[in-house]
Amino acid sequence: MFLAKTYLDRKQRNGKLKIAVVLHRQSSQTGFLGQFLQRNGFALDFYYPILGQKLPRTLKHHAGVVILGGPMSVNDKDAYIHEEIDWISLSLKDNKPFLGICLGAQMLAKNLGGRVAAKSDKSVEIGWYPLEGTLQGKTL
């Protein structure tokens, strides 16, 4: 995969490069994504801002960032939500790969100036949808 090829060729720290993973429940797990990253040579470095844990001030020891979902809304007023949204700028500024899943994707949208709101018809989108890679993505 692209991440492994790009980052594992560089000088490694502590034997493996780390992915900063932000979780929103103490019982949350990374599932197949975590297994994939570990299989490709990455160590997972977990952070739980909802439990009061501080996010790293720099990403110089991380190859990328993953922010997973949770039951909260990106529009909630909790301080840790806003800190996470602002923190995403570190990844973008350093041109580090970022993957936002569910809440994490909403946080990225907010960080980039987007608006996250309910659909005007009050319907919800839940489920799985087939995805097809772009030409650029297929080369990775």
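Go through the range 95-115 residue by residue and tally those that are among the aliphatic types (A, V, I, L, M), outside any helix (DSSP H, G or I) and within 23 Å of Thr30 (Cβ to Cβ).
Total meeting the criteria: 2.
State which residue pairs qualify: first residue more than 14 Å from Ile67 (Cα to Cα) and inside the range 33-54, second residue among the small types (Gly, Ala, Ser) and crowded, with 16+ Cβ neighbours inside 10 Å in any location, beta carbons under 6 Å apart, and separation of 6 or more residues or different chains.
Close Cβ pairs (under 6 Å, with a partner that is among the small types (Gly, Ala, Ser) and crowded, with 16+ Cβ neighbours inside 10 Å) amount to Asn40/Ala4; Gly41/Ala4.
Return the only residue of Gly137, Gly133 being surrounded by 10 or more Cβ atoms within 10 Å (Cβ to Cβ), out of contact with any strand residue (DSSP E or B) (no Cβ under 9 Å at 6 or more places or on another chain) and farther than 23 Å from Ser28 by Cα.
After applying the criteria, what remains is Gly137.
May I ask you to list the residues in the range 37-94 that are β-branched (Val, Ile, Thr), in contact with a Phe, Trp or Tyr (Cβ under 9 Å, 6 or more places away or on another chain) and in a helix (DSSP H, G or I)?
Ile50, Ile88
Quick one: would you say Phe32 is aromatic (Phe, Trp, Tyr), exposed (fewer than 14 other Cβ atoms within 10 Å of the Cβ) and modelled with pLDDT of 50 or more?
So Phe32 fits the description; yes.
For a quick check of your reading of the model, give me the residue pairs whose first member lies in the range 106-132 and is of a type in the set (Val, Ile, Thr), whose second is surrounded by 10 or more Cβ atoms within 10 Å (Cβ to Cβ) and assigned to a loop (DSSP other than H, G, I, E, B), with beta-carbon atoms closer than 7 Å and at least 6 apart or on different chains.
Pairs found: Val116/Val74; Val116/Asn75.
Select from the range 71-97 the residues that are of a type outside the set (Asp, Glu) and surrounded by 19 or more Cβ atoms within 10 Å (Cβ to Cβ) and list them in ascending order.
Listed by number, the residues that qualify are Val74, Tyr80, Ile81, Trp87, Ile88, Leu90, Ser91.
Quick one: is Ala109 surrounded by 17 or more Cβ atoms within 10 Å (Cβ to Cβ) and under 14 Å from the mean Cα position of the chain (by Cα)?
no
The values are calculated or read from the model by the stated rules, or taken from the named source; none is laboratory data. If you're wondering where the values come from, they're calculated on a predicted model, not measured in any experiment. Cβ coordinates were reconstructed from backbone atoms using ideal geometry, including for glycine residues, and neighbour counts include every protein chain displayed.
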